[in-house]
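Below you'll find the structure, written out as structure tokens, and then a few comments.
Nothing in this text is a laboratory measurement; each read-out follows from the coordinates by a stated rule. All of these numbers come straight from a predicted model, not from anything done at the bench. Here the Cβ is made from the backbone with ideal geometry for all residues, glycine too, and neighbour counts use every protein chain on show.
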Amino acid sequence: MEDKEFDRLLKITRLRVSDGERSMIKKDVEQVIAYFDEVSAVDAGKEQERYPAAIPGRFREDVISSFADVDGLKRNSKMRNGYIVGPKL
Amino acid sequence: MASYIREFNEIEKPKDYYEGLIEGIEKLNGTYDAFNVINKSARTGFLFSTKANICVKGFETDAGSKMLKGYVPPFNATVADRMLAKKDFSFIGVTNMDEFGFGTFGINTEIPAKNAFDSEYVAGGSSSGSAVATAMIKYHVSVAESTGGSIAAPAALNGVVGFTPTYGSVSRYGLIDYANSLDKIGVMARSSEDARIVFDRIRGRDDYDTTCSVEKISSEKKSRIFVMDSMLSKADQKVRGAFERLLDRLSRDYSVEHVDSATMEKAIAPYYIIAMAEASTNLAKYTGYKYGAMSQDFYKQYNEFFTDAREGFGIEAKRRILLGTFIRSESVKDKYYAKALAIRSMIMHEMDRLLKDGYILSPTLPITAPKIADARKLSPVENYAMDLFTIPPNLGGFPHISFPYDYIDGMPLGAQLVTGHGNDYAILDFVKEWESSFNYTYKHNLGEL
């Protein structure tokens with residue numbers, strides 16, 4: 001994999017790797033992709049199974065329900081004036 | 001042993017039973033790191049634990065990742081709600097695991113769980129802590145999760161029963177997802193009957209999980225056992241020898257038939273392609289401000305903020321996010337992802353055809369437990385190859401069970417039995433029959449009465 005492509009992947013995944021990690025992870029990624037190339041040799045037909053079981057797509061009733069522990073939900077975030085604080089746009 | 005749950009309910013317990021047991025668990029946990037969190041207030045019923053990717057209200061659930069450090073769910077996963085519904089089970093704690101389920105040996109997390117038979121050896125993964133806790137505590141079951149073998153592998157290495165039900169039979173509401181088309185919640189126990197009791201408690205329709213659609217479970221006993229010879233040849237000599245002895249023993253009651261499946265052998269690469277593609281999208285939601293590890297500097301620019309926040313991912317998680325994102329790239333997605341789905345389809349059809357006529361039996365893992373230090377030296381591809389036997393049933397959502405069948409140099413070996421979709425009770429019955437003539441042994445029996 002070219003450095004340019006590796007950098008593109010880091011950018012779109014919002015990941016940063018240290019200089020020490022970079023060569024190791026890049027080498028691992030290349031080896032795994034080479035391993036994945038094995039699938040090209042398999043004649044598997046055209047049918048593609050996305051799930052191992054049929055998903056009926058059954059939805060629950062569209063009714064308003066209350067969430068029991070709103071305070072518990074808020075405790076997992078940094079709050080200000082009742083809003084979750086997020087990064088600057 | 002038929003059922004530890006039934007035995008426990010029939011025995012009179014001393015008044016300070018739970019206090020003494022919890023003290024013992026805390027002490028032993030210092031060596032084995034099976035639990036991330038121990039609930040010291042458990043005082044009634046049979047103990048159960050949950051893997052650290054299953055939400056239990058009020059208990060830190062970090063999925064083995066620094067990215068979720070400090071996350072305390074304000075709700076119960078459906079399986080936790082169902083376990084706690086009748087007050088006959090008591091929650092003892094959250095168990096250790098590979099980060100987000102990424103591992104075969106349990107070592108891809110900050111402090112790995114250690115094998116319950118020898119702490120120098122791996123516990124197996126990714127449900128490492130669930131298996132170790134089950135092997136440590138006599139009256140205990142664990143609700144765990146498998147994507148590609150995360151119940152079977154650690155169960156085998158710690159000498160417990162690891163049952164992975166049919167995909168879609170147990171609700172995943174409240175499970176921190178890894179790969180949605182593969183994740184399944186299952187059970188670790190010291191007996192097949194206990195696994196069945198827990199399976200019956202947690203399974204069934206759930207309005208909060210539309211993929212939970214398999215309701216009818218059967219017990220259609222098969223008289224034939226299929227063994228994949230070419231796959232077996234990839235197991236190490238000790239494992240092959242012990243497995244051949246198991247086949248000899250089973251051949252008294254079953255017709256053991258050696259078959260070859262070139263298709264099933266090809267399962268590893270497509271499995272990892274699908275798993276990584278799905279994982280890379282699931283992990284995109286960890287952004288460092290809604291929950292879990294908080295980024296401190298909210299004044300940084302947008303991209304810098306997220307890149308800083310996502311530094312908490314471990315090496316294996318970073319590798320899988322990069323690979324999964326690459327696989328989904330427009331220029332290569334047909335080559336990898338679409339092809340992997342087609343191979344999955346082919347494997348499912350082939351297994352389905354075989355499983356109509358019999359069970360598939362194999363060793364659970366191709367090797368005996370390695371030392372933690374040795375497992376750390378394996379490359380990612382060498383690691384993935386260890387999932388040779390566990391991936392095919394997981395890729396196809398087929399129910400399977402790992403059960404102890406031998407001990408080599410004091411360490412347990414597990415065999416894996418697979419059956420068709422919805423025939424879950426048949427493999428539980430098979431193992432129950434096995435348990436009537438084979439005693440499982442443990443180094444620890446905390447809480448013994």
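The figures follow:
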quantity: Unit charges on C-beta of K, R, D, E only; dipole of the protein assembly as shown, Debye; calculated: 1180
quantity: Per-residue average of Cβ from other chains inside 10 Å of B:314-323; calculated: 5
quantity: Two-decimal ratio, the protein assembly as shown, of alpha-carbon radius of gyration to 2.2 N^0.38 Å; calculated: 0.93
quantity: For B:Tyr121, residues with placed amide H under 5 Å, excluding near neighbours; calculated: B:Asn115, B:Ile372
quantity: Length released on extending from B:Lys290 to B:Asn445, taking residue separation times 0.36 nm less the Cα-Cα span; calculated: 51.7 nm
quantity: Tail fraction, Cα-Cα pairs, chain B, threshold 42 Å, whole percent; calculated: 9
quantity: Region B:103-217: C-alpha gyration tensor shape, a/c 1.5 cut-off, then a/b vs b/c; calculated: oblate
quantity: Under the Debye formula (equal points on every Cα, no solvent term), log10 I(q)/I(0) of region B:353-417 at q = 0.12, 0.29 Å⁻¹; calculated: -0.38, -1.27
quantity: Cut-off of 10 Å, at most 11 other beta carbons, DSSP loop: longest stretch of chain B lacking such trypsin sites (Lys or Arg not before Pro); calculated: B:88-215
quantity: Order of A:Leu15, A:Leu73 under a 10 Å beta carbon neighbour criterion, fewest first; calculated: A:Leu73, A:Leu15
quantity: Charge dipole (chain B, unit charges on Cβ, about Cα centre) - positive-most of B:Thr368, B:Ile202, B:Phe438; calculated: B:Ile202
quantity: Straight-distance crosslink candidates among lysines, where the alpha carbon sits under 19 Å from B:Lys69 and sequence neighbours closer than 8 are dropped; calculated: A:Lys74, A:Lys78, B:Lys51, B:Lys57, B:Lys285, B:Lys290, B:Lys318
quantity: Ascending count of other beta-carbon atoms within 10 Å, so fewest first, for B:Asp206, B:Asp88, A:Asp71, B:Asp260; calculated: A:Asp71, B:Asp260, B:Asp88, B:Asp206
quantity: Cross-link partners of B:Lys377 among aspartates and glutamates (Cα-Cα below 14 Å; sequence separation of 8 or more within a chain); calculated: A:Asp28, B:Glu316
quantity: Cα-based shape type of region B:377-449, given that a ≥ b ≥ c are square roots of the gyration tensor eigenvalues and the cut on a/c is 1.5; calculated: oblate
quantity: Length-normalised contact order for chain B - Cα pairs under 8 Å, 6+ apart - percent; calculated: 20
quantity: Given charges at beta-carbon only (K, R positive; D, E negative), |dipole| of region B:262-322 in Debye; calculated: 100
quantity: Inter-chain shielding of B:339-349 (mean C-beta neighbours from other protein chains, 10 Å cut-off); calculated: 6
quantity: GluC sites (Glu not before Pro) within chain A: DSSP coil, no more than 13 neighbouring Cβ in 10 Å; calculated: A:Glu2, A:Glu47, A:Glu61
quantity: Listed residues B:Val259, B:Val431, B:Val227, most fluctuating in chain B (Gaussian network, C-alpha, under 10 Å); calculated: B:Val259
quantity: Computed [θ] at 222 nm, deg cm²/dmol, chain B (DSSP H ≥ 4; -39,500 (n - 2.57); rounded to nearest 500); calculated: -10000 deg cm²/dmol
quantity: Ratio Rg/Rh, restricted to region B:251-387 and using Cα atoms, in which Rh is the Kirkwood radius; calculated: 1.10
quantity: Helix-only mean residue ellipticity at 222 nm for chain A, each DSSP H run of n ≥ 4 adding -39500 (n - 2.57), per residue, nearest 500; calculated: -11000 deg cm²/dmol
quantity: Cα gyration tensor, chain A - rounded (a/c under 1.5), prolate or oblate; calculated: oblate
quantity: Residues whose placed amide H lies under 5 Å from that of B:Ser49, excluding near-sequence neighbours; calculated: B:Ile92, B:Val141, B:Ser142, B:Val143
quantity: Cut-off under 5 Å, modelled amide H: who pairs with B:Ala415 long-range; calculated: B:Thr364, B:Phe403, B:Tyr405
quantity: Under the Karplus curve 6.51 cos²θ - 1.76 cosθ + 1.60, θ = phi - 60°, whole-Hz ³J(HN,Hα) for region B:140-149, x wherever Gly or Pro sits; calculated: 6, 10, 10, 8, 10, 8, 10, 10, x, x
quantity: Within the protein assembly as shown, percent of DSSP bridges classed antiparallel, to nearest 5; calculated: 65
